[in-house]
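To keep things clear, I will list the structure first and then write my remarks on it.
The values are calculated or read from the model by the stated rules, or taken from the named source; none is laboratory data. Quantities reported herein were computed from a predicted structural model and do not represent experimental measurements. Cβ atoms come from the backbone with ideal geometry, glycine included; neighbour counts cover every protein chain shown.
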Amino acid sequence: MPKKKVFITGVAGFLGSHLADAMLAEGCEVAGCDNLIGGYADNVPKGIEFHKIDCGDLEAMRKATKGTEIMYHCACTAYEGLSVFSPSLVAQNTYQITASVISASIANKVQRFVHCSSMARYGTQKVVPFTEELICKPQDPYGISKYASELLLKNLAEVHGMEYVIVVPHNIIGPRQKYDDPYRNVASIMINLMLQGRQPIIYGDGEQKRCFSFVQDDIDCLKKVAFQNNVIGEVINIGPDEEFITINELARRIAGLLDFKLKPTYMPGRPQEVKLAACSANKVRKLLGYKTNVSLDEGLRSMIAYIKERKPKPFTYHIAVEINNRKTPETWTNNFFNKYAAR
Ligand SMILES: NC(=O)c1ccc[n+]([C@@H]2O[C@H](COP(=O)([O-])OP(=O)(O)OC[C@H]3O[C@@H](n4cnc5c(N)ncnc54)[C@H](O)[C@@H]3O)[C@@H](O)[C@H]2O)c1
């Protein structure tokens with residue numbers, strides 16, 4: 001593959017840091033930025049040029065991205081459930097920063113812009129799994145901001161002649177995912193709790209269904225997106241459409257792997273949570289040769305090993321809950337997960 005100058009936003013994050021490793025391994029020159037609102041500073045791979053900046057700072061982004069050929073935009077506060085309670089922060093760190101990253105990219109004549117969207121773009125649909133041509137019906141501020149970001153990219157890329165690709169990863173699991181975050185990453189939260197001898201929390205009846213992707217399977221496709229011409233202007237789901245399982249089953253799988261006596265605590269369902277969500281992998285199999293190489297159990301095992309090595313941790317309530325009313329999940333207020341340990 002040709003060696004390119006690649007810039008990755010959100011490079012201290014889960015996906016961004018794995019992508020940086022993969023692009024370094026391809027021989028690319030890699031730079032990236034992060035403001036460390038999420039992710040872990042030690043996720044940033046050695047061998048990249050790192051800028052600790054906020055993507056919303058247009059001047060800083062213009063400077064940092066000079067000479068970039070491929071832009072991967074991974075930075076986001078990807079808090080879907082929380083977004084109905086912290087809409088300002090989530091919209092700012094999803095839609096507004098995307099406008100800034102696109103603007104800097106066009107000013108610097110970036111050749112190709114790869115945008116990480118989300119399956120939240122689809123909302124609730126009559127048919128599962130979701131295919132890319134469905135009419136998007138996002139149903140929370142995160143999904144709305146992600147979809148609006150796609151429209152913005154399409155518009156500006158067409159006006160200014162920049163190649164673009166919209167990728168839609170979903171429910172990724174694996175090492176380096178933030179596991180002390182109370183607001184997202186269900187599998188990591190469950191593992192962190194169970195390793196501390198505490199029962200997992202399940203929202204609603206736990207019969208919501210999802211397909212989980214192992215990070216390396218997604219990265220194998222994501223890196224090809226920089227180089228192949230058959231993906232330009234496309235929206236592509238990235239991840240498996242096998243092992244469509246309930247959150248109850250996910251808890252049972254993790255408990256089985258940890259030999260943990262499971263008795264989950266059920267909390268009220270979260271507003272706007274989609275019940276059945278899975279993406280079709282037909283297009284990614286065809287365009288990028290996607291293959292699920294790592295099963296859900298293998299992926300969970302590797303997350304367990306990662307969290308054991310770093311040690312389970314208290315949860316950090318690092319994001320402000322803007323709207324606190326009777327609909328706000330108790331788990332997101334008053335340091336719940338950490339106090340819950342003492343119950
Ligand atoms: N992980 C998943 O399952 C999943 C699923 C669908 C889509 N995505 C998308 O993939 C991308 C990466 O997700 P992830 O799971 O790696 O998330 P992550 O939280 O691990 O990484 C995102 C990174 O972006 C950084 N960031 C946020 N706002 C920023 C800003 N204003 N300026 C600079 N940096 C900022 C955070 O500090 C964090 O390190 C996101 O766009 C997300 O919406 C992820």
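Hey, any hits in the range 189-209 for a residue that's within 16 Å of the ligand (Cβ to nearest atom), of a type outside the set (Lys, Arg), assigned to a helix (DSSP H, G or I) and in contact with a Ser or Thr (Cβ under 7 Å, 6 or more places away or on another chain)? Taking every residue of the range 189-209 in turn, none turns out to be within 16 Å of the ligand (Cβ to nearest atom), of a type outside the set (Lys, Arg), assigned to a helix (DSSP H, G or I) and in contact with a Ser or Thr (Cβ under 7 Å, 6 or more places away or on another chain). Within the range 102-113, at least one residue is under 20 Å from the mean Cα position of the chain (by Cα) and either more than 14 Å from the ligand (Cβ to nearest atom) or outside the structural domain of Ile319 (by TED's automatic domain parsing) (or both).
Flag not set for Phe113, criterion: farther than 17 Å from Cys74 by Cα, touching a strand residue (DSSP E or B) at 6+ places or on another chain (Cβ under 9 Å) and buried (at least 18 other Cβ atoms within 10 Å of the Cβ).
Among the residues of the range 53-69, is any near the ligand (Cβ under 9 Å from one of its atoms), within 20 Å of Lys224 (Cα to Cα), buried (at least 20 other Cβ atoms within 10 Å of the Cβ) and not hydrophobic (A, V, I, L, M, F, W, C)? So far as the range 53-69 goes, no, none of its residues is near the ligand (Cβ under 9 Å from one of its atoms), within 20 Å of Lys224 (Cα to Cα), buried (at least 20 other Cβ atoms within 10 Å of the Cβ) and not hydrophobic (A, V, I, L, M, F, W, C).
Scanning the range 34-52 for residues that are within 6 Å of the ligand (Cβ to nearest atom) and either among the acidic types (Asp, Glu) or touching a helix residue (DSSP H, G or I) at 6+ places or on another chain (Cβ under 8 Å) (or both) yields Asp34, Ile37, Gly39. In the range 79-94, the count of residues that are surrounded by fewer than 17 Cβ atoms within 10 Å (Cβ to Cβ), of a type outside the set (Phe, Trp, Tyr) and more than 9 Å from the ligand (Cβ to nearest atom) is one or more. Pairing residues of the range 34-55 that are in contact (Cβ under 8 Å) with a residue 12 or more places away in the chain and in the same structural domain as Phe14 (by TED's automatic domain parsing) with residues that are more than 8 Å from the ligand (Cβ to nearest atom) and among the basic types (Lys, Arg), at Cβ distances under 7 Å and at least 6 apart in sequence or on separate chains, gives Asp34/Lys52; Asn35/Lys52; Leu36/Lys52. If you check Ile37 against the conditions, is it touching a strand residue (DSSP E or B) at 6+ places or on another chain (Cβ under 7 Å) and not aromatic (Phe, Trp, Tyr)? No; evaluated as a whole, the condition is false for this residue. Out of all the residues in the range 271-310, which are assigned to a loop (DSSP other than H, G, I, E, B) and of a type in the set (Lys, Arg)? Within the range 271-310, Lys275, Lys291 meet the criteria. Taking the range 35-52 as the range and being part of a helix (DSSP H, G or I) and loosely packed, with under 15 Cβ neighbours inside 10 Å as the test, the residues that pass are Ala41, Asp42.
Scanning the range 253-284 for residues that are buried (at least 16 other Cβ atoms within 10 Å of the Cβ) and among the basic types (Lys, Arg) yields Arg253, Arg270, Lys283.
Determine whether the range 122-131 contains at least one residue that is outside any strand (DSSP E or B), at positive phi and not aliphatic (A, V, I, L, M). Checked the range 122-131: at least one residue is outside any strand (DSSP E or B), at positive phi and not aliphatic (A, V, I, L, M). Counting only residues that are surrounded by fewer than 20 Cβ atoms within 10 Å (Cβ to Cβ) and among the β-branched types (Val, Ile, Thr), the range 1-34 holds 0 of them. Within the range 2-17, restricting attention to residues that are more than 8 Å from the ligand (Cβ to nearest atom) and hydrophobic (A, V, I, L, M, F, W, C), the residue that is nearest to Ile97 (Cα to Cα) is Ile8. When we screen Lys126, Lys209, Lys137 for residues that are in contact (Cβ under 8 Å) with a residue 60 or more places away in the chain, surrounded by fewer than 23 Cβ atoms within 10 Å (Cβ to Cβ) and not hydroxyl-bearing (Ser, Thr, Tyr), the only hit is Lys209. Taking the numbered list (1) among the polar types (S, T, N, Q); (2) outside the structural domain of Val231 (by TED's automatic domain parsing); (3) part of a loop (DSSP other than H, G, I, E, B) in turn, Gln139 passes all entries but (2).
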